[in-house]
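**Q** The structure under discussion is supplied below as structure tokens; questions concerning it will follow.
Derivation of every value follows stated rules applied to the coordinates shown; laboratory data play no part. All figures in this text were calculated on a predicted structure; none of them were measured in a lab. Glycine gets a Cβ as well: all are built from the backbone with ideal geometry, and neighbour counts include every protein chain shown.
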There are 2 protein chains.
Amino acid sequence: MQPRISLITLGVADLERAIRFYRDGLGFPMSGASVAGEVAFFRTGGVALALYPRHLLAHDANLAPEGTGFGGIALAHNVRAKEEVDDVISQAVAAGGRLLKAARQADWGGYSGYFADPDGHPWEVAWNPFFPFAADGTLQLPP
Amino acid sequence: MQPRISLITLGVADLERAIRFYRDGLGFPMSGASVAGEVAFFRTGGVALALYPRHLLAHDANLAPEGTGFGGIALAHNVRAKEEVDDVISQAVAAGGRLLKAARQADWGGYSGYFADPDGHPWEVAWNPFFPFAADGTLQLPP
């Protein structure tokens, strides 16, 4: 698998409130791939990944470190070919990840599954025929 | 603020275990900016941001939706000039975000603060003089 985080999904309690925050408040450009009332996509630039002790991260953010259950965020790794989805999930599980959901046809027309990293952070591995790739591997969401 | 997620930090319980997973298991290239025993950075490609109802996201990942407290992930928005940090935090708070930590000198030599989005997802806003920017706004971590 290429070192790439293709998509960050934030779980939100009120989609319209969250859209107002990101689109209107922060000025993020919302993509035409968004589906009103269901899901919103934003075009953002590149990203780096860091690992840092959880309790220090909480401390840095001035948050209490306690937290249980679903954290409300999933990372996604998108692949160019449907056949790669199972390979990446297998690689992650072999590396110490945990299978959350075996890959399957998704009702949105793609093929995807989930694994959790050793700390439980969920990653979706997805083939999405509606999201083309740029030459550099980033997703090319429509404007 | 530009629509950019500069850095994703995963809070981990065992840093060495997490490094083994990402570096050795998944093959992510670890950056020389990493500090042994303290923090690890990986060079990854671009990212998109999506909003999706939290309970549906949990369901999609085959996870129970319950979860309280710190979720173990922080997003970061890095800026080119120290002066921009307070501006971005102010903009976020004005847009409905919550101030978690007023910006201050960081012991790693930069200047940063935190806000939470309306769902509580923490964002660091940081000026880091050691992480240069690419022309496209992504961080240029050393190889």
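**Q** Give the distance, in whole Å, between the Cα centre of region A:46-111 and the Cα centre of region B:76-120.
**A** Value for the Cα centre distance between the two parts: 25 Å.
**Q** Okay, next question. Which of the lysines could a cross-linker bridge to residue B:82, judged by Cα under 23 Å and excluding same-chain residues fewer than eight apart?
**A** Partners within reach: B:101.
**Q** Treating only the Cβ of Lys, Arg, Asp and Glu as charged (+1, +1, -1, -1), what charge dipole size does the protein assembly as shown show about its Cα centre? Round to the nearest 20 debye. Intermediate values should be presented prior to the final figure.
**A** On the way: 22 positive and 30 negative charges, 44 e Å.
Using Cβ point charges on Lys, Arg, Asp and Glu, the protein assembly as shown gives about 200 debye.
**Q** Of all beta bridges DSSP finds with both residues in the protein assembly as shown, what is the antiparallel percent, to the nearest 5? Intermediate values should be presented prior to the final figure.
**A** Numbers: 46 of 67 bridges.
DSSP beta bridges in the protein assembly as shown are roughly 70 percent antiparallel.
**Q** Can you give me the three principal axis dimensions of chain B from its C-alpha atoms, in Å, biggest first?
**A** Sorted largest first, the three principal extents are 43, 38, 28 Å.
**Q** Which of the chymotrypsin sites (Phe, Trp or Tyr not before Pro) across region B:68-143 are loop residues per DSSP, with 15 or fewer other Cβ within 10 Å? All intermediate terms of the calculation are to be shown ahead of the outcome.
**A** Working: sites: B:70, B:108, B:111, B:114, B:115, B:123, B:127, B:130, B:133; in loops: B:70, B:108, B:130.
Sparse-neighbourhood loop chymotrypsin sites (Phe, Trp or Tyr not before Pro): B:108, B:130.
**Q** On to the next question. How long is region B:41-94 along each principal axis, judged by its Cα atoms, biggest number first, in Å?
**A** So the three principal-axis extents are 42, 31, 19 Å.
**Q** Which semi-axis lengths, in whole Å and largest first, follow from the square roots of five times the eigenvalues of the Cα gyration tensor of the protein assembly as shown?
**A** In descending order, the three semi-axes are 26, 22, 19 Å.
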